[in-house]
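To start, the structure under review is shown below, and the notes come after it.
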Protein chains: 2
Amino acid sequence: MSKSEISPNKPYDTVPSDERFHLSNRLLFRFFKTANCMHTAGTKWTSELKLTSQQWSVIGALARPGHEEGVSVNELSEFLLVSRQNVNGLLLRLEHHGISQRVPDPRDGRAKLVQLTPQGWVIWKQLINRISEFYDVALVNFTTEELVQFQHFIDKLQRNLGTI
Amino acid sequence: MSKSEISPNKPYDTVPSDERFHLSNRLLFRFFKTANCMHTAGTKWTSELKLTSQQWSVIGALARPGHEEGVSVNELSEFLLVSRQNVNGLLLRLEHHGISQRVPDPRDGRAKLVQLTPQGWVIWKQLINRISEFYDVALVNFTTEELVQFQHFIDKLQRNLGTI
DNA sequence: TATTTAATGTCAATATATTTACATATTTTT
DNA sequence: AAAAATATGTAAATATATTGACATTAAATA
């Protein structure tokens, strides 16, 4: 049952209103909205620590095993998939709260190593437990199999977007 | 195989490092990043129209069948799941480009009806085709069944977040 | 009818995110 | 060693998003 049979007067380049379009539209629109809700809910979840969900990501990236001695701004930018300039702004705010610091990279005079301060490590330990609770709420009623499947879809979408 | 059997010295409230946590962490982290990439890729996709992907949402909401005569800012805010203030900013930019306008609501002196201008309708017709191409790229290699399943997961996550 | 309550839109402050542009430091090349 | 190319970090302009505050209009209540 092709589209042209249904609406012969509406060619593809005028009104792409077939099922596939509506399905895609609904899916990606909700993906958008859900990501936004996740950010808002996450930020509310750790409001007592004065940390936004983006800041979770940065702190988590700095606390990764094997990266305790420091990470360059560029590495952070690539890991988080956001611009260097955005990372810089995030770091300025974290530094203002005494959570992270930048020290010169002994092996590259151009670069600086971003690392958690001792206070940052304390906050990380509180944060990771709070985040874990958040995950439990956000993903309650998902089986392990569903989580795997869900992530598989996200990764596929992400790869497709990477081609743009 | 409970966690306490694996690492008896690491109680839940210190290092929640079990499989479930890592799976959740990876999934939501990638969800975040993918949404961000989607915004960036989408905005690049319609850069020749000078429209960002958030503006797609607003224009699309104003072009919905049955809402051509206008929608209140509050309705827009609820539909898009973003704050009234954010909608206001988006509308200011759209109005600056002659795409939308606000007219007094004859049935409610407090409210204003947001509607597309004639030029806005012209742009919408160009936009919807470009968006359709974007969807095709973003969701290539997804079967219809997978799209349905994917959206089911997103909706479930969204509902869980709504409880926070 | 007068007062309170609620809905609506907007302003201001702040955080997140992008692109463009540029200064500085390090490599690489000549 | 000097010049060109590259990597890195920042600054500025703009868009998106939030919360808090507030003015105005409408609706509910006294």
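The values are calculated or read from the model by the stated rules, or taken from the named source; none is laboratory data. It should be emphasised that the depicted structure is a prediction, and the values quoted were computed from it without experimental measurement. A quick note on method: Cβ atoms are made from the backbone with ideal geometry, for glycine too, and the neighbour counts reach across all protein chains shown. SASA here: full protein model, heavy atoms, side chains in, ligands and nucleic acids out. Shrake-Rupley method; radii C 1.70, N 1.55, O 1.52, S 1.80 Å.
General observations
Every residue, every condition in (1) open to solvent by 60 Å² or more (accessible area, probe 1.4 Å); (2) touching a Gly at 6+ places or on another chain (Cβ under 7 Å); (3) closer than 30 Å to B:Leu80 by Cβ, yes or no:
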residue: A:Glu48; (1), (2), (3): yes, no, yes
residue: A:Thr52; (1), (2), (3): no, no, yes
residue: A:Ala63; (1), (2), (3): no, no, no
residue: A:His67; (1), (2), (3): no, no, no
residue: A:Asn86; (1), (2), (3): yes, no, yes
residue: A:Gln101; (1), (2), (3): yes, no, no
residue: A:Arg107; (1), (2), (3): yes, no, no
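- The listed residues are B:Thr43, B:Thr34, and the only one of them that is at pLDDT 90 or above and under 19 Å from the mean Cα position of the chain (by Cα) turns out to be B:Thr34.
- Number of the exception - A:Phe142 against (1) free of Cβ contacts under 8 Å to residues at least 60 places away in the same chain; (2) in a helix (DSSP H, G or I); (3) closer than 23 Å to B:Thr163 by Cβ: (2)
- Exclusive hit being within 11 Å of chain A (Cβ to nearest Cβ), of a type outside the set (Ser, Thr, Tyr) and touching a Lys or Arg at 6+ places or on another chain (Cβ under 9 Å), set B:Phe142, B:Phe134: B:Phe142
- Qualifying residue in segment B:66-81 (condition: within 7 Å of DNA strand D (Cβ to nearest atom) and under 16 Å from the mean Cα position of the chain (by Cα)): yes
- Residue list for segment A:69-84, restricted to those being surrounded by 14 or more Cβ atoms within 10 Å (Cβ to Cβ) and in a loop (DSSP other than H, G, I, E, B): A:Gly70, A:Ser72, A:Leu81, A:Val82
- Extreme residue, nearest to DNA strand C (Cβ to nearest atom), among residues of segment B:109-127 that are closer than 13 Å to B:Leu51 by Cα and crowded, with 16+ Cβ neighbours inside 10 Å: B:Gly120
- Checked against (1) within 8 Å of chain B (Cβ to nearest Cβ); (2) under 27 Å from A:Ala41 (Cα atoms); (3) aliphatic (A, V, I, L, M), A:Leu127 meets all criteria but (1).
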